[in-house]
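Following: one structure in structure tokens, then a few remarks.
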Amino acid sequence: MPFRFQLVFIIATFLIASSVTYASVCDDFYSRLPNVSRTLCETAQLQPSGTRSVQGRPLMLRDITPVLPRLRVLVVGAMHGDEFSSASVALHWLKLAQINPEQTHWRFIPVLNPDGLMRRPARRANAHGVDLNRNFPTFNWQREARAYWEQRTRKDPRRWPGKVPLSEPESKYLFDQLASFKPHVIVSIHAPYGVLDFDGPVMPPTQLGRLYLNQVGVFPGSLGNYGGLQNAMPVVTVELPNALRTPSDTEMLTMWHDLRMWMDKNITPAVRPIAPVRRNQLDG
């Protein structure tokens with residue numbers, strides 16, 4: 001086969017594969033999300049990351065990169081599978097980033113826990129029953145995470161931290177993203193407490209839309225603890241007021257603008273994240 005025909009064949013195959021990927025993703029777990037049209041899902045152009053969940057579902061991501069990015073920002077939704085609105089807001093913000101990235105390299109992971117989201121009924125934990133937001137390798141994890149779970153949550157199964165840190169493919173994937181992408185800001189979207197939380201070395205945002213700053217504390221194994229406190233990567237935790245409904249389109253736009261304004265004032269390339277702690281440095 002002449003080279004030019006081989007090239008055309010390769011390109012056509014790639015385009016077909018890409019369209020199938022978008023269609024299958026939007027027919028699968030994204031179809032369960034509130035306030036997410038098929039058009040919104042397909043125009044997000046999510047790509048498989050190469051990592052799969054416990055039950056084999058692809059973890060999807062999308063990079064939006066301008067010509068001369070000044071900042072790197074990682075946006076994560078649905079770390080907890082029963083927080084549907086968090087994934088929806090991530091997709092709406094992805095659309096806004098596509099329109100105007102403004103010198104920011106955005107990386108979106110709208111659904112970190114597809115197994116929890118697809119379970120009927122959906123649940124907070126992943127398919128192994130692990131709360132991904134308690135599975136990150138914070139200092140003294142072995143001593144503190146289990147003790148906190150047993151004593152403070154009274155062995156609440158929704159908050160089981162797992163047997164060891166990074167025991168789950170989903171948390172391990174996000175851990176690797178922090179190490180390779182080195183974001184200047186991490187935005188972790190949750191629900192349904194209706195507040196704004198923050199961990200990190202810079203001045204926190206005081207509000208995003210109608211969400212006001214309320215730093216709720218530090219938890220063993222949480223992303224805010226690991227990223228914001230242990231590794232100096234500012235973590236903005238957005239707690240939406242409802243897990244099953246998104247804010248209005250106007251409110252999501254206001255939250256987005258408030259986030260951008262805070263980043264412009266407080267995050268500079270000089271505020272660079274420290275390299276994440278290697279797993280062989282963790283306590284036993």
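The values are calculated or read from the model by the stated rules, or taken from the named source; none is laboratory data. Nothing here was measured: the structure is a model prediction, and the numbers come from that model. Reconstructed Cβ throughout: ideal geometry from the backbone, glycine too, with neighbour counts over all protein chains shown.
Need at least 3 residues that are among the aliphatic types (A, V, I, L, M) per element, so show me which helices (runs of 4 or more DSSP H) inside the range 33-142 make the cut, counting only ones lying wholly within it.
Fully inside the range 33-142 and qualifying: 84-99.
Quick test for you: out of Ser167, Ser180, Ser171, pick the one residue that is in contact with a Leu (Cβ under 7 Å, 6 or more places away or on another chain), outside any strand (DSSP E or B) and over 29 Å from Asp249 (Cα atoms).
Ser171
Looking only at the range 210-229, which residues are free of Cβ contacts under 8 Å to residues at least 60 places away in the same chain and either in a loop (DSSP other than H, G, I, E, B) or under 22 Å from Asn242 (Cβ atoms) (or both)?
Once the filter is applied, which keeps residues that are free of Cβ contacts under 8 Å to residues at least 60 places away in the same chain and either in a loop (DSSP other than H, G, I, E, B) or under 22 Å from Asn242 (Cβ atoms) (or both), the range 210-229 yields Arg210, Leu211, Tyr212, Leu213, Asn214, Gln215, Val216, Gly217, Val218, Gly224.
Being surrounded by fewer than 22 Cβ atoms within 10 Å (Cβ to Cβ), within 20 Å of Leu223 (Cα to Cα) and among the hydroxyl-bearing types (Ser, Thr, Tyr), is that true of even one residue in the range 79-92?
Checking the range 79-92: not a single residue is surrounded by fewer than 22 Cβ atoms within 10 Å (Cβ to Cβ), within 20 Å of Leu223 (Cα to Cα) and among the hydroxyl-bearing types (Ser, Thr, Tyr).
Considering only the range 143-164, state which residues are assigned to a helix (DSSP H, G or I) and either under 16 Å from the mean Cα position of the chain (by Cα) or closer than 30 Å to Leu94 by Cα (or both).
If the condition is that a residue be assigned to a helix (DSSP H, G or I) and either under 16 Å from the mean Cα position of the chain (by Cα) or closer than 30 Å to Leu94 by Cα (or both), then Arg158, Arg159 are the ones that fit.
Quick check: anything in the range 181-191 at pLDDT 95 or above and more than 18 Å from Thr237 (Cα to Cα)?
yes
Taking the stated definitions as given, is Val67 on the phi < 0 side of the Ramachandran plot and crowded, with 17+ Cβ neighbours inside 10 Å?
no
State yes or no: is Phe9 surrounded by 10 or more Cβ atoms within 10 Å (Cβ to Cβ), among the aromatic types (Phe, Trp, Tyr), over 25 Å from Pro247 (Cα atoms) and modelled with pLDDT under 55?
For Phe9, the condition - surrounded by 10 or more Cβ atoms within 10 Å (Cβ to Cβ), among the aromatic types (Phe, Trp, Tyr), over 25 Å from Pro247 (Cα atoms) and modelled with pLDDT under 55 - is met.
Within the range 118-163, take every residue that is among the acidic types (Asp, Glu) and surrounded by 15 or more Cβ atoms within 10 Å (Cβ to Cβ) and give me the one that is farthest from Asn231 (Cα to Cα).
Asp131
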